[in-house]
Amino acid sequence: MMRSLYSGVTGLRNHQTKMDVIGNNIANVNTIGYKSSRVIFQDIYSQTIKPASTSGGATGGTNPQQIGLGVQVATIDVMHTKGTPQYTGYALDLSIDGDGYFVISNGTETTYTRAGNLYTDSSNNLVDANGNYIMGLDLDASGNIQTDASGNVLLEKINIDPSYTDVSIDANGVVSALNGSTTVTIGTIAIATFSNPNGLEKCGENSYRTTVNSGNPTYGKPYTGSAGKINPGTLEMSNVDLTSEFADMIVTQRGFQANSRIITTTDQMLEELVNMVR
């Protein structure tokens, strides 16, 4: 009887966790580049009342008898599916059509984002909404990616001369502008891809950092290798599906209610047991 009580408690606790995740998804339904999360449950280990037995000469074998001890969270996955691009027409609004992330740096840490609402700061560097530098690839005169002595790809800030006009970014991430009547190439935006993007850790402000399970980033040009192309003049919307979230909310609420009923019913059974001795 006490097993059912504590199983109900685990159900309440973990359904509350799922509701927390659903609430955060819905809160971020209009967050640029946001990736929704989902909660997957799994059962806790079971208590074996009677083990399985093999067949004998006169009888057949029997199956094990086990009682489960509740539920726990198996994983909270981030769904890195692509959101719908929304056209803005602003030259420095970018979305990635395919895999990959923009590389951003605050000067001390490099993180990654799908949010491409970019600006230029007071020093004319290309930055995101939080002031992080948008990193570009260090290319040689032939357009080849430069690496250091350890083979690491070199990244650099993208600085746009304020005297330039008609700044634009194409599908290959090339930032160009007009210097008078001459087209000047300013830089190329870097795209980072990962062997396991689900292993990335959310660190706030629409950004992610690497973990031991995400693998190291692979830096490259947009639209090369596994990296997606750039859609200039658009922003990637949140991939939250409100229909799915509301359906999950209903199921989660009912699961919470059912587990609370388990606790109430077990309490009533315990009360009846206590009243037997009166």
Q: At a Cα cut-off below 16 Å, give the aspartates and glutamates reachable from Lys35, other chains included and same-chain residues fewer than 8 away excluded.
A: Asp20, Asp77, Asp97, Asp99, Glu201, Glu205, Glu236, Asp241, Glu245
Q) What order do you get for Leu273, Leu94 when you list them from fewest to most C-beta neighbours inside 10 Å? A) Leu273, Leu94
Q: Could you tell me the convex hull volume per residue, in Å³, taken over the Cα atoms of segment 160-200?
A: 81
Q. Any idea what angle helix 2-27 forms with the longest principal axis of the chain, computed on alpha-carbon atoms, 0 to 90 degrees, nearest 10?
A. 20
Q: Over the chain, consider all pairs of different Cα atoms and compute the Kirkwood hydrodynamic radius from their mean reciprocal separation; express it in Å, one decimal.
A: 22.6
Q. Given the Cα atoms of segment 1-116, and with Rh set as the inverse mean 1/r over their pairs in the Kirkwood sense, what is Rg to Rh to two decimals?
A. 1.27
(Q) Given points 7 Å out from each Cα along the Cα-Cβ axis, report the Gln42 to Leu5 separation in nanometres with one decimal. (A) 2.9
Q) Relative to the first principal axis of the alpha-carbon coordinates of the chain, what is the inclination of helix 242-275, with its axis defined by its Cα atoms, in degrees from 0 to 90 and to the nearest 10? A) 30
Q) Expressed as a whole number of Å, what is the distance separating the alpha-carbon centroids of segment 28-97 and segment 193-231? A) 22
Q) Which one of Ser122, Ser214, Ser95 has the biggest mean-square fluctuation once the chain is modelled by GNM with Cα springs under 10 Å? A) Ser122
Q) Where is the GNM fluctuation largest for the chain (alpha-carbon springs, 10 angstrom cutoff): Lys202, Lys35, Lys221? A) Lys202
Q) Anyone know which of Thr108, Thr218, Thr147 comes out most mobile in the 10 Å Cα GNM of the chain? A) Thr108
Q. Could you name the lysines in cross-link range of Lys229, using Cα to Cα under 18 Å and dropping any fewer than eight places away on the same chain?
A. Lys82, Lys221
Q) Between Thr147 and Leu178, what FRET efficiency follows from the Cβ-Cβ distance if R0 is 35 Å, with the result rounded to 0.05? A) 0.65
**Q.** For segment 85-236, alpha-carbon Rg relative to the globular expectation (2.2 N^0.38 Å, N residues)
**A.** 1.00
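Read the figures in this text as sums done on the coordinates, not as results from a lab. Because the structure is a prediction, the values reported are computed rather than measured. Don't worry about glycine lacking a Cβ; one is built from the backbone with ideal geometry, like all the others, and counts go over all protein chains shown.
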